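Notes to accompany the following structure.
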Amino acid sequence: MASVTLNGITKRYGDEIAVDDMNLEINDGEFVTFVGPSGCGKSTTMQTIAGLTIPTEGSVEIGGRDVTNLPPKDRGISMVFQNIALFPHMDVYDNISFGLRLRKYDQEEVDRRVEEAADVVQLGGMMDRMPEEMSGGQRQRVAIARAIVREPEVFLMDEPLANLDAELKVHMRTQLQRLHRKLDTTIIYVTHDQAQAMTMSDRIAVIDSGELQQVDPPLKCYNEPDNLFVAGFIGSPAMNFIEGQVTTDGFESRYTDLSFDPDIQGVDVGQDVTVGVRPENIHLAAERDKAEEPTRPLEAIVDVIEPMGDKVFAYLLSDESVEASAEGRGEGQLLINLPPDTTIQEGDDVEIVLDRTNVHLFDTASGDAIRHELA
Ligand code: ADP
């Protein structure tokens with residue numbers, strides 16, 4: 001295993017900046033996930049680590065060694081991609097061992113490594129199977145085993161689960177965590193799926209428009225997002241946002257007032273701010289004891305109810321004048337979590353409270369987080 005360091009990596013394609021001055025230190029044995037929307041520069045960053053792309057500026061170190069201009073094969077890395085390219089005419093054993101045989105490892109060594117790798121991904125007993133006789137998940141495990149046998153210092157995985165169905169994705173998530181525990185290898189993982197990033201990683205690196213937004217453990221990104229982008233991207237369903245201004249008494253928007261002391265909160269009267277609150281941090285006023293520090297009640301109308309089994313999502317409108325937007329998250333709209341046995345129905349008038357210990361305040365102009373509670 002080895003550390004990976006990105007020193008001011010920039011990658012330009014003509015006028016377009018795919019990766020913008022990225023600085024990142026990934027520790028020995030760490031599982032770090034690059035996450036962000038499509039086109040944000042995740043794969044390009046990964047390719048500079050893999051050696052498939054030479055950065056326009058900056059350098060890459062693996063295990064303290066500058067590898068910026070080395071070919072992929074000399075970097076001590078193994079890669080697994082979204083498109084599983086197994087040799088269709090070879091059985092599992094031959095697929096996994098192909099690279100080792102190409103490098104003329106002796107037969108005993110090849111057998112040992114293949115057996116160990118197959119064991120890690122639980123493919124023992126399937127060595128004679130042909131790819132066409134396997135499920136998508138099994139084929140992906142063959143691809144991972146093929147990467148493992150090279151005993152890399154760093155694993156690079158670019159959307160390896162993207163082509164699997166939802167159930168298999170969840171199953172493979174656990175498999176990959178076990179794999180990391182067993183191999184104790186540095187893993188760098190790319191996905192646009194914040195759920196995969198949250199569940200598997202030691203740290204996630206959230207990227208937008210080629211720039212690193214936050215690099216922190218998953219729960220830190222969830223509970224203390226550095227800016228509006230991270231707050232909106234991490235967590236599903238997403239955080240509610242309310243845009244407004246700071247007043248002498250706190251916050252005012254078209255539909256919502258919240259009281260706080262601007263001085264303690266670190267904001268100026270008149271400043272444009274955005275309040276962020278996750279669905280699970282809003283409660284019915286009747287159940288306000290669920291909030292550690294409830295705000296005073298706000299009125300709302302229940303627009304749509306979505307029973308999920310373990311909870312109920314309720315889409316609320318601040319009053320009759322709000323035009324519900326298609327995604328249910330426009331101005332004057334809030335999504336909240338209710339307990340599964342709630343008797344609330346569409347059309348009901350309700351009163352809600354926000355939990356002040358989990359209300360985030362952002363500067364609207366810069367998007368930067370100011371505080372993660374209302375003092
Ligand atoms: P992601 O992996 O986050 O979806 P990419 O790293 O693939 O994003 O792409 C980042 C940006 O760089 C995109 O705008 C993409 O169009 C551009 N880009 C990527 N590769 C190339 C290339 N070979 N030539 C030109 N533009 C590219």
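Throughout, read-outs are computed from the coordinates displayed, never taken from laboratory work. A quick note: this is a predicted structure, and the numbers were derived from the prediction, not measured. Here Cβ is always computed from backbone atoms with ideal geometry, including for glycine, and neighbour counts include all displayed protein chains.
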Assuming 1.002 mPa s and 20 °C, estimate D for region 240-371 with Stokes-Einstein, Rh taken as the Kirkwood radius over Cα pairs, in µm²/s. 142
Here, residue 268 and residue 357, labelled 7 Å along Cα→Cβ, have an inter-label distance in nm of 3.3
I need the phi-derived Karplus couplings for region 268-277: 6.51 cos²θ - 1.76 cosθ + 1.60, θ = phi - 60°, integer Hz, Gly and Pro marked x. 9, 4, x, 5, 7, 10, 10, 8, x, 8
Taking every DSSP beta bridge with both residues inside the chain, roughly what % is antiparallel (nearest 5)? 75
Applying the Karplus parametrisation 6.51 cos²θ - 1.76 cosθ + 1.60 with θ = phi - 60° to the phi angles of region 204-216, what ³J(HN,Hα) value in whole Hz is obtained for each residue in order, glycine and proline being reported as x? 10, 10, 8, 10, 9, 6, x, 10, 5, 9, 6, 10, 7
Can you tally the net charge around residue 59? Count Lys and Arg as +1, Asp and Glu as -1, for every other residue whose Cβ sits under 11 Å from the Cβ of residue 59. -2
Please name which of 76, 44, 155 has its Cα lying farthest along the dipole of the chain towards the positive end, using unit charges on Cβ (Lys, Arg +1; Asp, Glu -1) and the Cα centre as origin. 76
Along principal axes, Cα extents of the chain, largest first, whole Å: 75, 46, 35
Pop the C-beta distance of residue 375 and residue 59 into the FRET formula with R0 = 51 Å and round what comes out to the nearest 0.05. 0.70
Any idea how far the Cα center of region 253-313 sits from the one of region 142-171, in Å? 40
Given the rule -39500 (n - 2.57) for each run of at least 4 DSSP H residues, summed and divided by the residues of the chain, what is its mean residue ellipticity at 222 nm, to the nearest 500 deg cm²/dmol? -7000 deg cm²/dmol
Please list, in order along region 218-231, the HN-Hα scalar couplings obtained from phi with the Karplus expression 6.51 cos²θ - 1.76 cosθ + 1.60 (θ = phi - 60°), rounded to whole Hz, x for Gly and Pro. x, 5, 5, 5, 6, 8, 9, x, 6, 7, 4, 4, 4, 4
Stretched fully, the stretch from residue 70 through residue 209 gains (0.36 nm per residue minus C-alpha distance, one decimal, in nm) 47.4 nm
If exposed trypsin sites (Lys or Arg not before Pro) are those in a DSSP loop with at most 11 other Cβ within 10 Å, what is the longest stretch of the chain that has none? 105-375
Could you tell me the relative contact order of the chain? Use alpha-carbon pairs under 8 Å, at least six residues apart, and round to a whole percent. 15
Enumerate the amide H contacts of residue 312 below 5 Å, restricted to partners 5 or more residues apart or on another chain; note that Pro and chain-start residues carry no placed amide H. 338
Counting only residues 5 or more apart in sequence or on a different chain, those whose built amide H sits under 5 Å from that of residue 213 are 206, 207, 208
Looking only at lysines whose Cα falls under 20 Å of residue 311's and that sit 8 or more positions away or on another chain, we get 290
As an exercise, take the mean of 1/r over every pair of distinct alpha carbons in region 68-168, invert it, and state the Kirkwood radius in angstroms. 14.0
Among residues other than residue 90 whose Cβ falls under 14 Å from its Cβ, what is the net charge (Lys/Arg +1, Asp/Glu -1)? -1
Computed lengthening from residue 290 to residue 220, 0.36 nm per intervening residue step minus Cα-Cα distance: 23.0 nm
Potential lengthening between residue 170 and residue 301 on full extension [0.36 nm per residue; Cα-Cα distance subtracted]: 43.6 nm
Taking r as the C-beta separation of residue 247 and residue 366 and R0 as 22 Å, the FRET efficiency to the nearest 0.05 is 0.65
Taking amide hydrogens as modeled 1.01 Å from N in the peptide plane, which residues meet the under 5 Å criterion relative to residue 21, leaving out close sequence neighbours? 10, 11
Which of 43, 259 has the fewest other C-beta atoms within 10 Å, and how do the rest follow up to the most? 259, 43
Beyond 24 Å, how much of the Cα-Cα pair distribution for region 141-275 remains, as a whole percent? 47
